[in-house]
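> Can you keep this structure in mind? I'll have questions shortly.
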Amino acid sequence: MVTPLSSEGQLLPVQQRQMDLKADVSTAMVTELSPKTDYSLTVYAMYPGLIGDSATIKVKTTPLPEVSNFRVIEEGLFSLRLGWTPPQGKLNGFKIFIPRSNRPGFIYEQLLPRDISSHVIDSLEEDKKYTVSIYAVYPEGPSKPVSVVGKTLKLVPVHQFLVQNATTDTVQARWASVKGATGYRLTWASTEGHIENINLGDNFNFYMIQGLHTGSEYTITINPIFGDIEGPITTAKIKTLESSSVQTLKVSAVSTSTAVVSWNSVPGATGYRLAWRPTPEFVGRDRPRQLALNTSTTQYQLKNVAHDTEYVLTLYVLFGAAVGPGIAATFRTSPLGYVSNFKVTSYTSTTIDVAWSPIVGATEYKLSWKTDNSKPQVQYLDRSILFHRLKDLNPRSTYTVTICAVYGNSEGPEISLSHDFEFIMMREVKVEDIGVNSFTLSWKKAPGASGYKISWIPFLGGDEKSHVVSADFASYTIRNLRESSAYKIQVSSMVGSREGSAVLVTARTLDLPKVEGFVALNTTDNSTVLNWTRVAGASGYRLSWRHISVFDTKTEILGPGFTYYKISDLLYGRTYLFTIRPLYGEVEGPISTMYQRICKTLSKLFD
């Protein structure tokens, strides 16, 4: 017998029900009970025509599972976004509500479907606390409600608003983010009545205002935006500088790890800030760095920069705590040098003499040699040594000899040659002529040779190519090479199908010509005309420009006959970066760069 109990513990016979069980059953599942209810369960032993002894227990069912992890996800000016984790079990849905604090009823109530786990309550009051409750709705009834306290945001102004680092035509505005703001409106007005503004997203807390007039006072205001509502205004005042910027910035004496930067002195400056970092193509090769220099310094040597890396450096003028206009230039460090003219000068049955040319900047040389079946032997030699004799060699073996220049803790590219004691050694192998896409080699003919094999491969990796010429040849031109690229070239004698010891030489093809005379002329309030000198052999030009504070770049591909191009729809007082590259078919030549402020002034070309 299953009988519910009242709150006082009394049996409720009206709601009693009976379950008949077989004689061999010792357990039973009692279902369709009410949650959180006391029950009396009695089992009777049944005999034919007779009721035996009984046993009774009292139990209480558990309450329906509640909603868990009920929380405020986001607070708005007039809204609260809430989230929760639905309980397990068969649900009909949820009821979310805000009860009134001073009288019966609800400020807000809403029945929600069972398949959602978040909800936005809007049309609330600003800067007010609310107690929000929710319960799960089951076929058996509602669960116990759970509650959370949330507070809507207050319509506040921007705090920590700083306008600083004034230059002749720019100021920097910084501010602390406002919680819940969907954006900001930044406005600047001159004493002459000129007003401009810009709407910024909620992720902004910095903006550089450009195109200002020299030596003018400005009122800068900012206010947060909350959807369609604008918050209170915060105001600051600042005056632009009347000083000039650096006019000439040069980079010279560039090596694998150093460069010398020099510039003209600026009257009235209290110092300079020099910053340098790899360009986007070389990000990761080195970290951005900067330093402050006193006003008497107009030259500085950069040290410990990464080899074979392009840098952009910017020099700013300091006027006390204010940072004046910046000027930029680019440069590229040299790659780690490879050993040139590495060759076998003589040999005996057990020795090989090798020699090479000196490398600027090398601290020592690493020389190694091995046969096909042996481990390499290594010898480190002082940078003043340009010759070494390998001794106690096996005359019946072919040796591979490798050398590289060492630069402190870094090793340059390796150069290898092989030597077979049974073959006649090639002599006087040299590069006679170097072009943009070709090398011309020459050598002294080897007695008894049936031909010569010329092999070449790029230093930075790639496919090795080779060509065999007859014994009548004493020179050969390698064509279709990449411009501005280093190659390893080997020449060996052939006797039938057998190849002798190779002599290795290194060479680098010439750079493609770049655009010269790249300047801006006839600059107006919203346009400029770019001029340059025609590049012989170029099939066209790639001209690009962008505002210095954005990354959106515009590009024009121009034909080979162009030597000038007018760009319109530029913003007055803003500084733009212009670049041009000559095109040689599908290959792009070196870049030429220029910065130009749109205010009827001439520009400078920085290479």
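The values are calculated or read from the model by the stated rules, or taken from the named source; none is laboratory data. Being a predicted model, the structure only gives us computed values, none of them experimental. When we count neighbours, we look across all protein chains shown, and the Cβ atoms used for this are built from the backbone with ideal geometry, even at glycine. Please note that ligands, DNA and RNA were not included when accessible areas were found on the heavy atoms of the full protein model with its side chains. Shrake-Rupley method; radii C 1.70, N 1.55, O 1.52, S 1.80 Å.
> When you have a sec, figure out the Kirkwood radius of segment 249-332 from all distinct Cα pair distances and drop it here in Å to one decimal? List each step's numbers first, then the result.
Numbers: mean 1/r = 0.0763 Å⁻¹.
Radius from the Kirkwood sum: 13.1 Å.
> Here is a further query. Which sequence of Arg534, Arg174 reflects their accessible areas, 1.4 Å probe, from the largest down?
Details: Arg534 145, Arg174 100 Å².
Result of the area sort, largest leading: Arg534, Arg174.
> For segment 81-123, state the semi-axes of the equivalent ellipsoid (square roots of 5 times the eigenvalues of the alpha-carbon gyration tensor), sorted largest first and rounded to whole angstrom. Could the numbers behind the result be given before it?
Numbers: eigenvalues 101, 30, 14 Å².
For segment 81-123, the semi-axes come out at 22, 12, 8 Å.
> Tell me which of Asn199, Pro560, Ala45 sits at the most positive position along the dipole axis of the chain, charges placed on C-beta atoms (Lys, Arg +1; Asp, Glu -1).
Projecting each Cα onto the dipole axis, the largest value belongs to Pro560.
> Can you give the accessible area of His159, probe radius 1.4 Å, in Å² rounded to 10?
110
> Same structure again: Once the convex hull of the C-alpha atoms of segment 159-313 is built, how many Å³ does it hold per residue, rounded to a whole number?
146
> As I understand it, the dipole of the chain uses +1 on the Cβ of Lys and Arg and -1 on the Cβ of Asp and Glu, about the Cα centre. Which of Gln15, Met594, Gln301 lies farthest toward its positive end?
Final value for the positive-end residue is Gln301.
> Taking K and R as +1 and D and E as -1, what net charge do the other residues with C-beta under 15 Å from the C-beta of Gly585 add up to? Mind showing how you got there, number by number?
On the way: positive: Arg482, Arg542, Arg581; negative: Glu483, Glu586, Glu588.
Within the 15 Å Cβ shell, the charges total 0.
> Which order do Leu111, Leu460, Leu510, Leu80 take when ranked by solvent-accessible area (1.4 Å probe, heavy atoms of all protein chains), largest first?
Numbers: Leu111 125, Leu460 165, Leu510 85, Leu80 0 Å².
From most accessible down to least: Leu460, Leu111, Leu510, Leu80.
> Ratio of alpha-carbon Rg to the 2.2 N^0.38 Å globular estimate for segment 1-62, to two decimals, please.
Working: Rg = 12.7 Å, N = 62, 2.2 N^0.38 = 10.6 Å.
Cα Rg divided by the expected 2.2 N^0.38 Å: 1.20.
> Can I ask one more? Hey, any idea what % of the chain's accessible area is carbon plus sulfur with a 1.4 Å probe? Could the numbers behind the result be given before it?
Details: 16400 of 33360 Å².
C and S fraction of accessible area: 49 percent.
> Quick one: Cα convex hull volume of segment 429-508, Å³ per residue?
Working: hull volume 6.5 nm³, N = 80.
With only Cα atoms used, segment 429-508 gives 82 Å³ per residue.
> Given C-alpha coordinates of segment 295-449, what is the ratio Rg to Rh with the Kirkwood estimate of Rh? Let's see the in-between values first.
Working: Rg = 22.8 Å, Rh = 19.4 Å.
That ratio is 1.17, to two decimals.
> At R0 = 35 Å, how high is the FRET efficiency between Ile548 and Lys128 if r is their beta carbon distance? Nearest 0.05 is fine. Working shown, then result.
Working: r = 46 Å, r/R0 = 1.32.
Efficiency computed from Cβ-Cβ geometry: 0.15.
> Would you please report the Å³ per residue occupied by the convex hull of the alpha carbon atoms in segment 292-377?
Working: hull volume 13.9 nm³, N = 86.
Given the Cα convex hull of segment 292-377, per-residue volume reads 161 Å³.
> Measuring with a 1.4 Å probe in the full set of protein chains, what accessible area per residue, in whole Å², belongs to the chain? Display every interim value, and only then the final one.
Working: 33360 Å² over 607 residues.
Normalised by residue count, the accessible surface of the chain is 55 Å².
> Mind listing the phi-derived Karplus ³J(HN,Hα) values for segment 246-251, rounded to whole Hz, using 6.51, -1.76 and 1.60 with θ = phi - 60°, and x for any glycine or proline?
For segment 246-251, the Karplus curve yields 4, 9, 10, 10, 10, 10 Hz.
> Turning to a different aspect of this structure: Which order do peptides 30-42, 145-157 fall in by mean Cβ count within 10 Å, highest first? Kindly include the intermediate steps, with their values, before the conclusion.
Details: 30-42: 13.5, 145-157: 16.0.
Ranking, from highest mean packing down: 145-157, 30-42.
> Under the 0.36 nm per residue contour assumption, what length would be gained going from the current alpha-carbon distance of Glu32 and Thr61 to full extension?
On the way: separation 29, 0.36 × 29 = 10.44 nm, distance 1.08 nm.
Stretched out fully, the Glu32 to Thr61 stretch lengthens by 9.4 nm.
> Quote the relative contact order of the chain in percent (integer), defining contacts as alpha-carbon pairs under 8 Å separated by 6+ residues.
Details: 1508 pairs, mean separation 39.3, N = 607.
Relative CO of the chain lands at 6 percent.
> Just how large is the dipole of segment 73-217 about the Cα centre, in debye to the nearest 20, putting +1 at every Lys and Arg Cβ and -1 at every Asp and Glu Cβ?
On the way: 14 positive and 14 negative charges, 187 e Å.
Computed charge dipole of segment 73-217: roughly 900 debye.
> In the full protein assembly as shown, how much of Asp286 is accessible to a 1.4 Å probe, in Å² to the nearest 10?
40
> For the chain, give the magnitude of the charge dipole about the Cα centre (Cβ charges: +1 Lys/Arg, -1 Asp/Glu; no others), in debye to the nearest 20.
Working: 60 positive and 54 negative charges, 188 e Å.
Rounded to the nearest 20 debye, it is 900 debye.
> Let me ask something else about it. Which of the residue pairs Lys445/Lys465; Lys36/Lys154; Lys90/Lys128; Lys366/Lys430; Lys95/Lys128 have a Cα-Cα distance greater than 31 Å in the structure shown? Each step should come with its number before you reach the end.
Details: Lys445/Lys465 22 Å; Lys36/Lys154 43 Å; Lys90/Lys128 36 Å; Lys366/Lys430 23 Å; Lys95/Lys128 22 Å.
Check vs 31 Å cut-off fails for Lys36/Lys154; Lys90/Lys128.
> Magnitude of the Cβ-charge dipole of segment 340-420, K/R +1 and D/E -1, about the Cα centre, nearest 20 debye? Kindly include the intermediate steps, with their values, before the conclusion.
Working: 8 positive and 8 negative charges, 25 e Å.
I would put it at about 120 debye.
> Here's a follow-up. List, in order, the whole-Hz ³J(HN,Hα) value for each residue of segment 253-265 obtained from phi through the Karplus relation with A = 6.51, B = -1.76, C = 1.60 and θ = phi - 60°; use x for Gly and Pro.
Per residue, the Karplus-derived 3J(HN,Hα) values read 6, 7, 10, 5, 9, 9, 7, 9, 10, 9, 7, 7, 6 Hz.
> Follow-up question, since we're still on this one. Along the Cα→Cβ direction, 7 angstrom out, place labels at Arg383 and Asp433. What is the inter-label distance in nm?
The answer from the label model is 3.6 nm.
> Oh, and also: Roughly how many Å is it from the Cα centre of segment 190-246 to that of segment 487-523, as a whole number?
Distance between centres, Cα-based: 54 Å.
> Sorted from largest down, give the three principal axis spans of the alpha carbons of segment 516-598, whole angstrom values.
If we take the Cα atoms of segment 516-598, the spans are 37, 25, 17 Å.
> Sticking with this one: Taking a probe of 1.4 angstrom, what is the accessible area of Met425 in Å², to the nearest 10?
The accessible area of Met425 comes to roughly 20 Å².
> Also, I was wondering about something else. How big is the Cα convex hull of the chain in projection, averaged over all directions, in nm²? Walk me through the numbers before you get to the answer.
Working: hull surface 216.5 nm².
Its average projected convex-hull area is 54.1 nm².
> What translational diffusion coefficient, in µm²/s and rounded to a whole number, does the Stokes-Einstein relation yield for segment 68-151 at 10 °C and a viscosity of 1.306 mPa s, taking the hydrodynamic radius as the Kirkwood radius over Cα pairs?
Details: Rh = 13.2 Å.
D, rounded to a whole number, is 120 µm²/s.
> Further question on the same structure: Can you tell which of Ala502, Thr314, Val468 lies farthest toward the positive end of the dipole of the chain, using +1 and -1 charges on the Cβ of basic and acidic side chains (Lys, Arg; Asp, Glu)?
Ala502
> Alpha carbons only, please: Rg and Dmax for segment 340-420, in angstrom.
12.5, 38
> On to the next question. With the cut-off at 12 Å, report for segment 145-202 the share of all Cα pairs above it, as a whole percent. Intermediate values should be presented prior to the final figure.
Details: 1296 of 1653 pairs.
Counting pairs separated by more than 12 Å, the tail of P(r) holds 78 percent.
> Further question: Per 0.36 nm of contour for each residue apart, how much would the distance between Glu556 and Ser475 grow if the chain were fully extended, relative to their Cα-Cα spacing? Before the final figure, lay out the partial values.
Working: separation 81, 0.36 × 81 = 29.16 nm, distance 4.41 nm.
The Glu556-Ser475 span can extend by a further 24.7 nm.
> Thinking of segment 155-247 as a set of Cα atoms, what percent of all their pairs are more than 21 Å apart?
Details: 1314 of 4278 pairs.
Here the long-distance tail beyond 21 Å is 31 percent of all Cα pairs in segment 155-247.
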